[in-house]
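Working notes, beginning with the structure itself.
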Amino acid sequence: MQNDIIKTQQNITASLSVFYDFQMLRAQKYGGISRYFFELASRLPMYDVNVNVACLHNYNYYFKDMLGLYDINKSCRIARAVERRLFSRLNKAMALIELKKKHDIFHPTYYDPYFIGHYSGKLVITIHDMIYEKYADTYFHRDTATIENKRRNILAADRIIAVSQSTKRDLLYYYPDLDEQKISVIYHGASMSAHEEKRNFSRVEGKPYILFVGARWVYKNFIRFIMAIRQILDKNKDINVFCAGGGEFTREELGFIGEYRTRVFQAGLSDDELVDAYSNALCFVFPSEYEGFGIPILEAFACGCPVVCSDVSSLPEVAGDAAEYFDPLSIDDMADKISALIHNDSRREELKRKGRERLKLFDWDKTARETLECYRRCLND
């Protein structure tokens, strides 16, 4: 069994002690939220912070060197379900024991309120988006637990970090009585960087392609994207589409892809392969109806990939003037903007240049410094 507590800085004279719990380390192997906490846990010790992370059977790739990596797939499905429930209980019990120790700040990695009523110290939470609230009556009408759990965290928190101004506005819309002064907007940084020498992307056999990255949940707008792409593929017989990650296409998705199955591909990629995918794409398309931040935009910028994205929520805030925008609810507008960009080499080069400049605004060391300042304000409240 792994060590229950890993201290990323063994320094008893550290000016501040922070505790991160197990939640997203168990929920994600990869993902933006776990990446965010890993970047904080890795950088804050450089600023004289004693970071403590607690997790039995870590699943998360980013924390593998810190905690080890447990392979949940090595047992049968029934055993995995039992194991999840067992270690969820054990992790909660361990976290509550840890919270009895002297930590200045508790910053849980997600919204399970298991600690409320058992912890009286300073609590900082991060709000990554308000999508469950925004789409509660449509896409997430069966998931009331996440909304309620988040509500309890929000009301209990001494300080709240919002990952964008857009997310802050949404938070205040759903919680108008919340004290705005206790909300800090702190942007994410960029974790991906281009290879020193550009490499080919072998998955598309040398053909030009449009790139889609990540999950394809309903609000990610993949079906409208495919309907727009069909118009482009009809007019451009040499262009393909590559979908990185998100799992294999569903039966519904394959139905929409239809006759274009030989030109629309999907595969999971390693980080190195994803860099290659961004670096060689005609453009990266981000058609989401809603994002709290939008890390793939920064990934595209880092790899010199032109961005075409929705003109909603946080995306214009992150991409600025370094992207082309479309109405995510308009298939024709999406198709027109993508088509115009892939046929305009000078505009694509301009967006690459602007993306590299825009990227300088988003840095994980800056995120860590601003988060530390948030912690200090919390202690002084």
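Data for the structure
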{"read-out": "Some residue of the range 212-235 being acidic (D, E) and either touching a Cys at 6+ places or on another chain (Cβ under 6 Å) or at pLDDT 95 or above (or both)", "value": "yes"}
{"read-out": "Qualifying residue in the range 371-381 (condition: free of Cβ contacts under 8 Å to residues at least 12 places away in the same chain, open to solvent by 20 Å² or more (accessible area, probe 1.4 Å) and in contact with an Asp or Glu (Cβ under 8 Å, 6 or more places away or on another chain))", "value": "no"}
{"read-out": "Qualifying residue in the range 185-195 (condition: modelled with pLDDT of 95 or more, out of contact with any strand residue (DSSP E or B) (no Cβ under 6 Å at 6 or more places or on another chain) and surrounded by fewer than 16 Cβ atoms within 10 Å (Cβ to Cβ))", "value": "no"}
{"read-out": "1 or more residues in contact with a Ser or Thr (Cβ under 7 Å, 6 or more places away or on another chain): qualifying helices (runs of 4 or more DSSP H) within the range 181-298", "value": "222-235"}
{"read-out": "Residues located in the range 354-370, provided they are more than 16 Å from L40 (Cβ to Cβ) and either surrounded by 13 or more Cβ atoms within 10 Å (Cβ to Cβ) or touching a residue at least 24 places away in the same chain (Cβ under 8 Å) (or both)", "value": "K354, G355, R356, E357, R358, L359, L361"}
{"read-out": "Pairs with Cβ under 6 Å, 6+ apart, first in the range 162-186 and within 12 Å of D129 (Cα to Cα), second outside any helix (DSSP H, G or I) and open to solvent by 30 Å² or more (accessible area, probe 1.4 Å)", "value": "A162/V185; Q165/V185; S166/S313; T167/D129; K168/V185"}
{"read-out": "Qualifying residue in the range 115-123 (condition: closer than 27 Å to E289 by Cβ and either of a type in the set (F, W, Y) or open to solvent by less than 70 Å² (accessible area, probe 1.4 Å) (or both))", "value": "no"}
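The values are calculated or read from the model by the stated rules, or taken from the named source; none is laboratory data. Remember, predicted model here, so these are calculated numbers, not experimental data. Neighbour counts are summed over all protein chains in view; Cβ atoms, including those assigned to glycine, are modelled from backbone coordinates with ideal geometry. With ligands, DNA and RNA removed, areas are computed over all heavy atoms of the protein, side chains included. Shrake-Rupley method; radii C 1.70, N 1.55, O 1.52, S 1.80 Å.
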